[in-house]
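I have placed the structure first, in the form of structure tokens, so that the comments after it can refer back to it.
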Amino acid sequence: MSSTYKAVEVSAAGVLRVVERPISEPGPGQVRIRVEACGICHSDAATVTGTYPGLTLPRVPGHEVVGRVDALGSGVSRWKIGQRVGVGLIAGEDGTCEPCRRGDSVNCQNPVVSGVTVDGGYAEMMIAEARGLASIPDELSSAEAAPLLCAGITTYNALRNAGLRGGDLVAVQGIGGLGHLGIQFARHMGFHTVAIGRGSDKEKLAKDLGAHVYIDTAVDDAVALLQRMSGARAVLATAPSGDSMGSLVSGLAVRGKLIVVGVPQDQIHLNAFPLVFGGRSIYGSLTGTAIDQEDTLAFSVLEDIRPMIETVPLEQAAEAYARMMQGKARFRTVLVTKNVKS
Ligand SMILES: NC(=O)c1ccc[n+]([C@@H]2O[C@H](COP(=O)([O-])OP(=O)(O)OC[C@H]3O[C@@H](n4cnc5c(N)ncnc54)[C@H](OP(=O)(O)O)[C@@H]3O)[C@@H](O)[C@H]2O)c1
Ligand SMILES: [Zn+2]
Ligand SMILES: [Zn+2]
């Protein structure tokens, strides 16, 4: 067996390059994973540009990781060699900070963050915390499962935790990696589903994914159209554009919620009037825990929900990342390694 593995690291801000690294052993409570697939999430930009708080370079990005357990560190009994597992963004909590002690581990103040505090899944091998792993159901291929571990869980959790009821009008804004799964989850959770995109090219795709209504902000006034439908109970905002989010508060029904999952570089501007008169609200939602991953995967199997993916060999990560940043991925590019067996 080779003593090295291939990885794609950010060696300096903006530079993704293929490197060979020595294979290392997992520490106590960790496993080594032979990576089969890793999705390219827009959040990887915070690693590639070197802007994620606390990040040091070089760093291997990637937090939609699926592979097989290859070696067990001491004290790991839950996982078996050869078992297929997944790793998301928040891949281990400290268990001791105040949110952890209150049972809110996704908001751990000192988390293990894949591709940020530790090397992620743009690689043939990865070391991960055993407590942060999700089990992958047999019904999903590794490439299909990967995007569900960030884009999927983020939209699934945000929708299921929003206090919505069947039949509610729910809009998903931004139709990319997150949004195209958000549309499917909203539809399969029984919501009257609206997709909000810019441009007519995504209308058919959005409807094929389950949207009842498509709003094209290039030609339509999203707020007016939502209000004509009596206002949305929730808008799930996934676009990496603050400028496009704030006005959507006015498209909410009384007590409606703008749920921010996109993390734009620019500010979100808000008008207090619709917030106060009508008790509307805005809040953020961060991915989820390992058990939430398993719920997301199980719901996707149950309802036959799959990400729409394009697979690319690991070695082409830099080109694939650039395509994602240009909005050209339909809808998630997944890096696959030579470890994957078809
Ligand atoms: N909260 C969390 O835990 C979490 C988890 C994962 C990702 N994120 C964040 O979520 C955001 C989306 O990630 P992603 O992986 O889905 O990105 P993506 O695949 O690049 O998709 C983003 C989509 O937003 C659309 N968009 C951009 N500006 C828009 C605008 N003004 N109006 C409508 N649509 C617009 C783009 O469409 P066009 O084709 O029109 O450009 C693109 O399809 C990123 O900010 C990412 O960091 C957050
Ligand atoms: Zn904690
Ligand atoms: Zn992500």
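The values are calculated or read from the model by the stated rules, or taken from the named source; none is laboratory data. These figures come from a predicted structure and were not determined experimentally. Cβ sites come from the backbone with ideal geometry, for glycine too, and all protein chains shown count toward neighbours. Just so you know, the surface numbers come from the protein's heavy atoms only, side chains and all, with ligands and any DNA or RNA stripped out. Shrake-Rupley method; radii C 1.70, N 1.55, O 1.52, S 1.80 Å.
The residues on offer are Ala7, Ala37, and the sole one that is away from ligand 3 (no atom under 16 Å from the Cβ) and either in a strand (DSSP E or B) or more than 19 Å from Gly132 (Cα to Cα) (or both) is Ala7.
Each row is one residue, and each column tells you yes or no for (1) crowded, with 17+ Cβ neighbours inside 10 Å; (2) over 21 Å from Val261 (Cβ atoms); (3) basic (Lys, Arg).
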residue	(1), (2), (3)
Gly197	yes, no, no
Asp201	no, yes, no
Lys204	no, yes, yes
Ala224	no, yes, no
Gln227	no, yes, no
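In summary, Gly92 fulfils each of the numbered conditions (1) in contact with a Cys (Cβ under 6 Å, 6 or more places away or on another chain); (2) within 16 Å of ligand 2 (Cβ to nearest atom); (3) assigned to a loop (DSSP other than H, G, I, E, B) with the single exception of condition (1). Screening segment 135-243 for strands (runs of 3 or more DSSP E) wholly inside it with 3 or more residues that are among the polar types (S, T, N, Q) returns no ranges.
Taking segment 35-51 as the range and being open to solvent by 70 Å² or more (accessible area, probe 1.4 Å) and either in contact (Cβ under 8 Å) with a residue 60 or more places away in the chain or within 16 Å of ligand 2 (Cβ to nearest atom) (or both) as the test, only His42 passes. Here the condition is being farther than 21 Å from Arg160 by Cα and touching a residue at least 60 places away in the same chain (Cβ under 8 Å); of Arg330, Arg323, it holds for Arg330 alone.
For segment 306-316, the count of residues that are within 16 Å of ligand 3 (Cβ to nearest atom), of a type in the set (A, V, I, L, M) and either open to solvent by less than 40 Å² (accessible area, probe 1.4 Å) or more than 24 Å from Leu205 (Cα to Cα) (or both) is zero.
Of all residues being part of a loop (DSSP other than H, G, I, E, B) and within 18 Å of Gly73 (Cβ to Cβ) in segment 99-119, which is least open to solvent (accessible area, probe 1.4 Å)? Just the residue, please. Checking each candidate, the answer is Val112. Scanning segment 312-326 for residues that are more than 20 Å from Tyr5 (Cα to Cα) and outside any helix (DSSP H, G or I) yields one hit, Gln326.
Considering only residues that are within 16 Å of ligand 3 (Cβ to nearest atom) and under 10 Å from Gly177 (Cα atoms), which ones fall in segment 328-342? Across segment 328-342, the qualifying residues are Ala329, Phe331, Arg332, Thr333.
Just one of the listed residues (Gly242, Gly256) is without any contact (Cβ under 8 Å) to a residue 40 or more places away in the chain, open to solvent by less than 60 Å² (accessible area, probe 1.4 Å), over 27 Å from Val35 (Cα atoms) and touching a helix residue (DSSP H, G or I) at 6+ places or on another chain (Cβ under 9 Å), and it is Gly256.
Being more than 17 Å from Ser105 (Cβ to Cβ), more than 10 Å from ligand 1 (Cβ to nearest atom) and out of contact with any helix residue (DSSP H, G or I) (no Cβ under 6 Å at 6 or more places or on another chain) is not true of Leu148. Here Glu139, Glu93 are screened, and the one residue that is surrounded by fewer than 22 Cβ atoms within 10 Å (Cβ to Cβ), modelled with pLDDT of 95 or more, of a type in the set (D, E, K, R) and touching a helix residue (DSSP H, G or I) at 6+ places or on another chain (Cβ under 6 Å) is Glu139.
What about Gly67, is it more than 16 Å from ligand 2 (Cβ to nearest atom), in contact with an Asp or Glu (Cβ under 6 Å, 6 or more places away or on another chain) and either at pLDDT 95 or above or not β-branched (Val, Ile, Thr) (or both)? So Gly67 passes the test.
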